[in-house]
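J.: This structure is in C-alpha cells; I'll ask about it shortly.
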Amino acid sequence: MSLFSLEGKIALVTGSGQGIGLALAEGLSEAGAHVVLNGRDKAKLERAREALAGAGRKASVAAFDVTDQKAVEAGIAAIETEIGPIDILINNAGMQKRAPITEFPVEGWHEVINTNLHSVFYVTQAVTKRMVPRKRGKIINIGSVMSELGRATIIPYTASKGAVKMMTRGLAAELGKYNIQANAIGPGYFATEINAALIADEAFSSWVSSRTPAGRWGETKELVGAAIFLSAPASDYVNGHLLMVDGGLTAVV
Ligand code: GCO
Ligand code: CA
C-alpha cells in the first residue's frame, strides 16, 4: 500500500460543498478515500456528490450545521453507523468577515468564532471519542497564514485561526499516544468564494502577488497534496505541525 494511498479510508470534510473544502474532498477521493461531504445545504452537497460519483468516486453526504453541537453529535453518530468509522477528519468549515475592530458588529464576532473555532471543538470531540478506542486516526485542521500573521480588518478570523493552530498542538499532545496524528494546513491567498472581494480589488490582488515569493495567488487544487500527505500513512510521525501552503508568504518579510 503506497504511503500516500487513502484506499479503504473514510474521510469527513466539513464545509465541503464549495471552495477549499470541495477541492480537498475531490483530492482525497482521487487518492482512494470514501469522502463524506458536509455542510448545511443538502442540495448543494448532493450536487457535489453526484459530480464525484459521476467521476467514479466514492462519496456520501452528511448535512449538519457544525456550529450546532447536538447536530454534530447526531451527524457523527449517523456517519459511523450508516457509512463506517471515520479515519480522517478535515475541519475545514470557516467563514470570513471584514471590518475595523472599532466598528466590528458583535454578532459578527460570534458568527466567525462559532463557525471557525467552536465547530472544530464540537466535531473533533465527537470524532475523537470514537477514534481513540480504535487507536488510529488523522485530524487535519484548516488554519491559515493568519494563524501566524495579523492583517487589518479581520481580527475575529485571525483570532480563530490562531486558536486553531494551538488546538492542533493540544490535540497532538493528547492523542499522539492513541496513534492519532493532529496537524493543520495554513492556506495563503487562494481564489475562493470568501476572497472574491479581494480578488476584484486590483490593488489588493497585486499586493498579494508582490508579497508572495511564488508571485501569484494559489489555486485550490494546490492544497490537495498537503491534505493527502497529512491524511496518509506518509505522515504517521508528523504531529502538531502547521504546514503552510502559501507560496512562501509567511517565510519572508
Ligand atoms: C483576508 C483573506 C485571508 C486569507 C486566508 C488564507 O481577508 O486577508 O480572507 O484571511 O484568505 O486567511 O488562509
Ligand atoms: Ca510560528
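The values are calculated or read from the model by the stated rules, or taken from the named source; none is laboratory data. Predicted model only: the values in this text are computed from it and were never measured. Don't worry about glycine lacking a Cβ; one is built from the backbone with ideal geometry, like all the others, and counts go over all protein chains shown. The protein model used for the area step is the full one, side chains on, heavy atoms only, and it has no ligands, DNA or RNA in it. Shrake-Rupley method; radii C 1.70, N 1.55, O 1.52, S 1.80 Å.
J.: Give the stretch 189-219 a look and list any residue that's among the aromatic types (Phe, Trp, Tyr), surrounded by fewer than 20 Cβ atoms within 10 Å (Cβ to Cβ) and under 21 Å from Gly21 (Cβ atoms), or say none.
T.: Within the stretch 189-219, just Trp217 meets the criteria.
J.: Right, something else. Out of everything in the stretch 225-246 that is assigned to a loop (DSSP other than H, G, I, E, B) and among the hydrophobic types (A, V, I, L, M, F, W, C), what residue ends up being most open to solvent (accessible area, probe 1.4 Å)?
T.: For the stretch 225-246, the residue satisfying everything is Val238.
J.: Continuing with this model, one more query. Determine whether Glu222 is without any contact (Cβ under 8 Å) to a residue 40 or more places away in the chain, away from ligand 1 (no atom under 14 Å from the Cβ) and open to solvent by 10 Å² or more (accessible area, probe 1.4 Å).
T.: When the stated conditions are applied, Glu222 does not pass them.
J.: Mind checking whether some residue in the stretch 165-180 is in contact with a helix residue (DSSP H, G or I) (Cβ under 7 Å, 6 or more places away or on another chain), within 11 Å of ligand 1 (Cβ to nearest atom) and not in a loop (DSSP other than H, G, I, E, B)?
T.: No, because not a single residue in the stretch 165-180 is in contact with a helix residue (DSSP H, G or I) (Cβ under 7 Å, 6 or more places away or on another chain), within 11 Å of ligand 1 (Cβ to nearest atom) and not in a loop (DSSP other than H, G, I, E, B).
J.: Looking at the stretch 118-146 only, could you name the residues that are within 16 Å of ligand 1 (Cβ to nearest atom), in a helix (DSSP H, G or I) and surrounded by 23 or more Cβ atoms within 10 Å (Cβ to Cβ)?
T.: Residues satisfying the conditions are Val120, Met146.
J.: Based on this model, can you work out whether Gly162 counts as within 12 Å of ligand 1 (Cβ to nearest atom) and either open to solvent by 50 Å² or more (accessible area, probe 1.4 Å) or not in a helix (DSSP H, G or I) (or both)?
T.: Spelling it out, it is not the case that Gly162 is within 12 Å of ligand 1 (Cβ to nearest atom) and either open to solvent by 50 Å² or more (accessible area, probe 1.4 Å) or not in a helix (DSSP H, G or I) (or both).
J.: Conditions: (1) within 21 Å of Leu230 (Cβ to Cβ); (2) free of Cβ contacts under 8 Å to residues at least 12 places away in the same chain. Lys138 meets all but one. Number of the miss?
T.: Of (1) within 21 Å of Leu230 (Cβ to Cβ); (2) free of Cβ contacts under 8 Å to residues at least 12 places away in the same chain, only one is false for Lys138: (2).
J.: Here's another thing I want to ask about it. Residue check, Ala184 against (1) touching a Leu at 6+ places or on another chain (Cβ under 7 Å); (2) in contact (Cβ under 8 Å) with a residue 60 or more places away in the chain; (3) within 13 Å of ligand 1 (Cβ to nearest atom); (4) not in a helix (DSSP H, G or I), all met but one. Which one?
T.: (2)
J.: Which members of the stretch 171-190 meet the condition of being among the small types (Gly, Ala, Ser) and farther than 21 Å from Ala251 by Cβ?
T.: Ala172, Ala173, Gly176, Ala182
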